[in-house]
1. Can you compute the modelled spin-label distance between Glu312 and Glu343, with each label point 7 Å from Cα toward Cβ, in nm?
2. Expressed in nm to one decimal, what extension gain is obtained for the pair Lys447 and Lys416 from 0.36 nm per residue of sequence separation less their Cα-Cα distance?
3. What is the calculated FRET efficiency for Ser212 to Asn135, with r their C-beta to C-beta distance and R₀ = 30 Å, to the nearest 0.05?
4. How much solvent-accessible surface does Arg103 expose, in Å² to the nearest 10, with a 1.4 Å probe and all protein chains in place?
5. How far is it, in nm, from the label point at Phe429 to the one at Asp42 when both lie 7 Å from their Cα along the line to the Cβ?
6. If amide H atoms are built 1.01 Å from N in the plane of the peptide, which residues on other chains or at least 5 residues away come under 5 Å of the amide H of Glu56?
7. Under unit Cβ charges (Lys, Arg +1; Asp, Glu -1), what dipole magnitude, rounded to 20 debye, does segment 83-165 have relative to its Cα centre?
8. How big is the Kirkwood radius of segment 93-200, worked out from every pair of different alpha carbons and given in Å to one decimal?
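The values are calculated or read from the model by the stated rules, or taken from the named source; none is laboratory data. If you're wondering where the values come from, they're calculated on a predicted model, not measured in any experiment. No Cβ is skipped: glycine too gets one built from the backbone with ideal geometry, and neighbour counts run over all protein chains shown. Protein only, heavy atoms only, side chains kept; ligands, DNA and RNA dropped before computing areas. Shrake-Rupley method; radii C 1.70, N 1.55, O 1.52, S 1.80 Å.
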Amino acid sequence: MEPKKQNRLVILGAGESGAGAAYLAQQQGYDVFVSDFGTIADQYKKHLQDWNIRFEENQHTEAEILNATEVVKSPGIPEKAPIIKKLKEKGVPVISEIEFAGRYTNANIIGITGSNGKTTTTSLTYFILKNAGLNVGLAGNIGKSFAYQVATEKFDHYVLELSSFMLDDMFRFRVNIAVLLNITPDHLDRYDYKLENYAASKFRIAQNQTGSDYFIYCEDDPETLKVMEGKKIEAQQLPFSIKKKLSPGAYLDQDQLIINILKEHFQMSINELALQGKHNIYNSMASGIVAKVLELRNETIRESMGGFKNIEHRLEFVAKISGISFINDSKATNVNSTWYALESMSVEVVLILGGVDKGNDYSMLKDLVKHKVKAIVCLGKDNRRIHDAFEDDVEVIVNTFSAQEAVQVAYHLAKKGDTVLLSPACASFDLFKNYEDRGRQFKQAVKEL
């Protein structure tokens, strides 16, 4: 390709995706400038310095940004940010790192989105493909920057976890095997509080698919089906369900998970799956369909699905102390994730909830809380909405303001045989850096008991 010296690429946000995009852009001959409104983490600052890429932090200098030919923005920056509005007014294209990097790779793209389960499904799919010996990269919302891998690796396949924010800034990018797990209210603050806007974002994963691509979706998800009624999807459709038998597709027959697609047949007992709980049957079905589309051998798929270790902070077993199990599900930053966590519990639970509430509707948890939760420990600066939501359903609701305090209070409320579950249903920014920090502080506090 011709070097694009005259093409000025500005990158907004210097995290994992921003730094990776900067490296790829420089490699492709762009004139690159990186601008972060916050402080740039030391590791990324060092990378940018080592690569001789110009950058600024704690500000956006308009003179440096508005003359861009194109802008790559971090998914964390909302459309409403003043600098984005100004760029749009000037007609400067604003795209995601994924869109940008996609121009420079011919790899087979497996894209996974959905309100819940996408990190687990992405990790499991990657694990199955890697174990089967495929030359595969892992990127998107997880792992190393896609752009950086496109610049430095030669992968044949990529498994990408795609959030709705990433999809919003994707226009021409083509996903060869698209997975849409489910659509439930989340991040509605970024979508004018309209579920249909958020749903439309998720469906962008299929926007450039052709008849030789695949669209894998959940036949049991009403919001997904609602959008599909009014949409023409070019790709071959492969649904999965635990309620009805589908062919082609994946379904349950008693305790057997069955995948029947394109002359490929796979079967496995759900009791042998490493990931337990109803929601994980869906995640395993979606990953299994991807594996069968790629015609991987049944033995390797079975082995991977039985031996997979879940990611940190997602229903992660921490310890058993005095007969009480402690589980870290800090990644549950919305009500639905917490619903799934509670749904997979078979004993009495002391639930640690709370943080920054994105307009949560807690009513969907009421039933599970009534039947499974003996006490709620709030971990957040403002817990009024949790009290209001559950005061009639549990005997005890206690406020705490640190992971250590929450763990100690929960430990005293629990008895032998119970589970203490950190599944906050909220973002973590009031008391922690991010959900990882919250999860690690929780685990540390458990070790100190």
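1. Using points 7 Å along Cα→Cβ, the separation is 2.7 nm.
2. On the way: separation 31, 0.36 × 31 = 11.16 nm, distance 1.73 nm.
Working it through step by step, the gained length comes to 9.4 nm.
3. On the way: r = 21 Å, r/R0 = 0.69.
Once the sixth-power term is evaluated, E becomes 0.90.
4. Surface accessible to solvent at Arg103 totals approximately 110 Å².
5. Placing both labels 7 Å beyond Cα along the Cβ direction yields 2.5 nm.
6. Sorted by chain and number, the residues that satisfy this are Val34, Ser35, Asp36.
7. Working: 9 positive and 6 negative charges, 57 e Å.
Computed about the Cα centre, the dipole is about 280 debye.
8. Values: mean 1/r = 0.0699 Å⁻¹.
The answer is 14.3 Å.
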